[in-house]
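Here, each number is a calculation from the coordinates, and none is a lab measurement. Values in this document were obtained by computation on a predicted structure and should not be read as measured data. Reconstructed Cβ throughout: ideal geometry from the backbone, glycine too, with neighbour counts over all protein chains shown.
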Amino acid sequence: MTAAETSAGIEWATGQADAARRFDVLVVGGGPAGLCAAEAAATHGARVAVLERQKEIGYPVHTSGGSWISDMRALGIPPELYHPIRRVTFLAPRREARFDYDEPVCCVLDVRGVYQHLAGRAVAAGVTLLPHAPVERPLVEDGRVVGVVAKDQRNQAGEWRAPVVIDASGFSRTLVTRTGLQTGFRRYGFGAEYDLYAPNYDQDSLYLIMGSQVAPSGYAWAFPRGKGRVRLGVGVIRPDVDADAREYLDAFTERLPSLAPAFAGAGAVEYHTGLFPSEGVAPRFASAGLLATGDAAGHGSTLVGEGIRFAIYSGRMAGEVAAEAVRAGDASAEFLARYERQWRARFGREMELSYLINQRIAAWSDAKWDAGVEMLARLSPAQAAELLRGDYSAGLFLGVLRRNPGLLRTGARKFFDLALSRLG
Ligand SMILES: Cc1cc2nc3c(=O)[nH]c(=O)nc-3n(C[C@H](O)[C@H](O)[C@H](O)COP(=O)(O)OP(=O)(O)OC[C@H]3O[C@@H](n4cnc5c(N)ncnc54)[C@H](O)[C@@H]3O)c2cc1C
């Protein structure tokens, strides 16, 4: 490897960048999908650069960081970067379901800490990571993506080239919308959240709160993350409703006085907003020279708007296929389509069912939420966790029906029939 190849970032800063702007794989976006795609591609032998528009990885935070301990362990995230949860409570207007976990299964991430950890891993694998490098558009030649146009830290636009480019730009879908592979998102969750210091909040307890009072066509959440900090947020689905999540958030304790004591003496330390795709998986997420991963491909679960672990898994898959394409000297749409097949084989069914559930529950009335939470309350803590994770299986659905035989006499029957037929 030449010096130009090994120190691209430094050469860019000193203005001798042309040769150094050629890589095997370019990744647009340094969120969890992009960082993990880059690490995977580099680990499999590719020369990789990540272009991130923000000046810092993991800033600004636009997620609540709810996740699962088993996944964090499997993904090698150090335990000091997540806070374990012992009690999960679902609140509907007139019903509640509470689940206690002696051995915690879910957690709330130190989001910035986790993303910076992933960035460190990517750099250790040999990735050139370039913060403050907004990508403007793809470079397309003979119908294939061959690079991008991005600005550098001195605000000068230039070309970056690679046979495989990965769009990991999240909700903004920077490349795929400009190559015609996908359109912009039409249905999405809009969330607003305070990250509070809340000395009276029970750090073991996580709440998911539904109903028109707190979050029409969505839900509110309280996610403790250790050391007195709690993320309190509201998300609504657009365009299903035009409610403003920020207004509902500011009125939260008035609208839900039962939780007001937990927030006595609390004050905001950070304010976050974000958008999450809520229209199911993109029909296509690979084309000649281009892969899309994470939110850019609609790879998050629409069940509760959970995307971090899925972004990591799908990013890894995209990075591995990108490196295979580089090794094979074949970045054709046909070759890269193996990424779509692999992803659908692993996540397709789960995401399809989550989206079906999301479309149903987003339209639920308060009475339906009361009935839904009453149904949840009959489940075991393990079943509730499987359902929330989207770990669907015939066994899980049959277990839910066994504890709630009345469901078979409602409109839910159609869903269970369909789900069971999909799950074989
Ligand atoms: C309010 C809210 C709450 C959420 N809560 C949770 C939760 O509790 N748990 C969970 O698992 N998921 C949650 N999610 C979803 C989760 O945040 C996403 O699924 C996840 O961030 C997707 O990761 P990603 O890497 O695909 O995209 P992102 O995290 O969005 O990363 C994309 C990166 O690309 C960069 N970028 C964008 N455009 C360009 C460009 N033109 N040039 C260069 N860089 C660019 C961005 O700056 C960003 O760093 C939530 C989402 C929202 C909106």
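Largest first, the three principal axis extents of the alpha carbons in the stretch 16-81 are 43, 28, 16 Å in whole numbers. In the stretch 46-113, Cα pairs under 8 Å separated by at least six residues give a relative contact order of 41 percent.
Calculated mean residue ellipticity, 222 nm, the chain: -9500 deg cm²/dmol, from DSSP H runs (n ≥ 4) at -39500 (n - 2.57) each, averaged per residue and rounded to 500. Applying Stokes-Einstein at 37 °C and 0.692 mPa s to the Kirkwood radius of the stretch 107-153, computed over alpha-carbon pairs, gives a translational diffusion coefficient of 249 µm² s⁻¹.
Between GLU247 and ARG87, the modelled labels are 3.4 nm apart [label points 7 Å from Cα along Cα→Cβ]. Sequence-ordered 3J(HN,Hα) estimates for the stretch 297-308 from the Karplus curve with 6.51, -1.76 and 1.60 and θ = phi - 60° stand at 9, x, 8, x, 7, 7, 4, 10, x, 10, x, 5 Hz, glycine and proline given as x. Sequence-ordered 3J(HN,Hα) estimates for the stretch 263-271 from the Karplus curve with 6.51, -1.76 and 1.60 and θ = phi - 60° stand at 9, 4, x, 7, x, 6, 10, 9, 10 Hz, glycine and proline given as x. Summing Lys and Arg as +1 and Asp and Glu as -1 over all other residues whose Cβ lies under 15 Å from the Cβ of ARG186 gives a net charge of -1. From the alpha carbon centroid of the stretch 47-102 to that of the stretch 110-150 is 22 Å. Along each principal axis, taking the top coordinate minus the bottom one, the Cα set of the chain gives 65, 50, 39 Å in descending order.
Under a 5 Å amide H cut-off, with hydrogens placed 1.01 Å from N, THR177 pairs with GLN182 among residues at least 5 apart or on other chains.
Shown in residue order for the stretch 320-326 are the 3J(HN,Hα) couplings computed by the Karplus curve 6.51 cos²θ - 1.76 cosθ + 1.60 at θ = phi - 60°: 5, 5, 4, 5, 4, 5, 5 Hz (x for Gly and Pro).
Short to long, the 10 Å bins of the Cα pair-distance histogram for the stretch 63-175 hold 11, 27, 26, 19, 12, 5, 0 percent of all pairs. Comparing GLY191, GLY45, GLY406 in a Gaussian network model of the chain where C-alpha atoms under 10 Å apart are linked, the largest mean-square fluctuation is found at GLY406.
Kirkwood analysis of the Cα pair distances in the stretch 354-422 returns a hydrodynamic radius of 12.4 Å. For the stretch 253-343, pairs of C-alpha atoms spaced more than 17 angstrom apart make up 60 percent of the total. DSSP beta bridges confined to the chain are antiparallel in about 75 percent of cases. The stretch 355-410 and the stretch 301-331 have Cα centres lying 30 Å from one another. Taking Cα pairs under 8 Å and at least six residues apart, what relative contact order does the chain come out at, in percent? 19 percent.
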